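The structure appears below as structure tokens.
The values are calculated or read from the model by the stated rules, or taken from the named source; none is laboratory data. The model shown is predicted, which means the values in this text are computed figures rather than measured ones. Heads up, the Cβs are rebuilt from the backbone with ideal geometry, glycines too, and the neighbour counts pull from every protein chain shown. Note: areas computed on protein heavy atoms with side chains; ligands, DNA, RNA excluded. Shrake-Rupley method; radii C 1.70, N 1.55, O 1.52, S 1.80 Å.
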Amino acid sequence: MTSTNWTIRPERYDTPDATALRRDYYDDVASRYWHRPATAAEVDEGLTNDGVERLTPPSGQFVVGRADGKPAACGGVLMLDAERAEVTRVFIRHAFRGTGGATLLMDALESAAAGLGARRMVLNTRLDLVEARALYVRSGYREIPAYCEGPYKEIWYGKELSAR
């Protein structure tokens, strides 16, 4: 088995690589929810006015992960208040899952949030996204009471950040 060299860095949400990763993310989660492939028009609609522009300092940060130089993962953090950041849009392309990037991605998101002043991370997800839920638990997140509501929010997690 060969080793995968991962780099994860902040990147604007609208670069070609970041945009392609965000499209793949939305296609993946929408297709799973609908139990059928999402159409390009549905992906476009889902990404329209989705608030991704807030994932720029000082309100947030977007990161892109590359595996052996290829765009492979993304995620963002959004400051909800002075000390709490929300993890969002966590995605690893299927071809790169199981290569060690998920833990590095979560570490990068936590570092980005800490750099913005966060002391606590929170997130919400759907129950059917079992791989994501397993990643969050492996990364030290624990189930918490709901801090927001919405149609695709079924379970909530939180984690205190250690001093960095």
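For the stretch 136-150, indicate whether the set of residues that are aliphatic (A, V, I, L, M) and either closer than 29 Å to N5 by Cα or under 16 Å from the mean Cα position of the chain (by Cα) (or both) is non-empty. Lay out the reasoning, then the answer.
To start, the set of residues in the stretch 136-150 that are aliphatic (A, V, I, L, M) comprises 137, 144, 146.
Now restrict to residues that are either closer than 29 Å to N5 by Cα or under 16 Å from the mean Cα position of the chain (by Cα) (or both): 137.
Yes, the conditions are met somewhere in the stretch 136-150.
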Quick one: in the stretch 58-106, which of the residues that are without any contact (Cβ under 8 Å) to a residue 40 or more places away in the chain and acidic (D, E) is nearest to N124 (Cα to Cα)? E86
Considering each of L135, L109, L127, L104 in turn, give the residue that is of a type in the set (A, V, I, L, M) and in contact with an Asp or Glu (Cβ under 7 Å, 6 or more places away or on another chain). L127
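Residues being over 23 Å from A18 (Cα atoms) and out of contact with any helix residue (DSSP H, G or I) (no Cβ under 9 Å at 6 or more places or on another chain): count how many of those fall in the stretch 85-118. Reasoning before the result, please.
Filtering the stretch 85-118 for residues over 23 Å from A18 (Cα atoms) gives 117-118.
From what is left, the residues that are out of contact with any helix residue (DSSP H, G or I) (no Cβ under 9 Å at 6 or more places or on another chain) are 117.
Here the count works out to 1.
Do we find that A118 is assigned to a loop (DSSP other than H, G, I, E, B), at pLDDT 95 or above and buried (at least 21 other Cβ atoms within 10 Å of the Cβ) in this structure?
Values: assigned to a loop (DSSP other than H, G, I, E, B): yes; at pLDDT 95 or above: yes; buried (at least 21 other Cβ atoms within 10 Å of the Cβ): yes.
Spelling it out, A118 is indeed assigned to a loop (DSSP other than H, G, I, E, B), at pLDDT 95 or above and buried (at least 21 other Cβ atoms within 10 Å of the Cβ).
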Filtering the stretch 41-56 down to residues that are open to solvent by 30 Å² or more (accessible area, probe 1.4 Å) and over 16 Å from the mean Cα position of the chain (by Cα) yields A41, E42, D44, E45, T48, N49
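Out of all the residues in the stretch 20-40, which are surrounded by fewer than 16 Cβ atoms within 10 Å (Cβ to Cβ) and at negative phi? First the steps, then the outcome.
Start the filter on the stretch 20-40 by keeping residues that are surrounded by fewer than 16 Cβ atoms within 10 Å (Cβ to Cβ), which leaves 20, 31-37, 39-40.
Matches in the stretch 20-40: A20, S31, R32, Y33, W34, R36, P37, T39, A40.
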